[in-house]
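See structure below.
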Amino acid sequence: VAGRVYQLIDSSPTSGTPTWRETNASIGTGAIGLLAIALGTTPAQGMLLRGAVVIDSSILPNATPGATLFLRDSIGGRMTTTAPNSTGDIQRIVGHYLVTTPTTNHSTIYFNPSQEFIEIA
């Protein structure tokens with residue numbers, strides 16, 4: 001889904017074929033791996049590793065300019081401005097919110113996943 005966050009995984013260790021799967025703030029879903037935002041409906045349409053990107057505002061509702069973005073703790077591929085705080089969650093900054101264009105219902109964010117994270121015990 002365009003605008004959602006995915007993690008690169010090795011889906012078949014014997015073939016060495018990587019694949020992308022939606023991720024969230026749970027340690028079990030790979031919040032600590034290589035992350036990207038989907039630019040379309042297939043990886044061939046592009047996976048943004050870092051940079052500015054325009055996403056549908058419904059993916060990131062109620063954000064204010066400059067807000068820090070984290071992975072949501074329960075919904076795959078979504079971001080939030082609230083740091084996850086449940087046991088087993090990963091607090092990892094994935095970017096910053098820039099602006100919403102109300103006439104097009106799109107938001108611009110700067111996606112830049114931190115290499116550092118905190119696991120909530």
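The values are calculated or read from the model by the stated rules, or taken from the named source; none is laboratory data. Computed from a predicted model, the values in this text were never measured in an experiment. Please note: Cβ atoms are built from the backbone with ideal geometry, for glycine as well, and neighbour counts cover all protein chains shown. The accessibility values were calculated without ligands, DNA or RNA, using every heavy atom of the protein model including side chains. Shrake-Rupley method; radii C 1.70, N 1.55, O 1.52, S 1.80 Å.
The number of residues in the stretch 102-121 being without any contact (Cβ under 8 Å) to a residue 40 or more places away in the chain and in a strand (DSSP E or B) comes to 1. A63 - would you say it is modelled with pLDDT of 90 or more, over 18 Å from I120 (Cβ atoms) and out of contact with any Cys (no Cβ under 6 Å at 6 or more places or on another chain)? No; evaluated as a whole, the condition is false for this residue.
Within the stretch 33-49, the set of residues being assigned to a loop (DSSP other than H, G, I, E, B) and open to solvent by 80 Å² or more (accessible area, probe 1.4 Å) comprises L34, L39, T41, L49.
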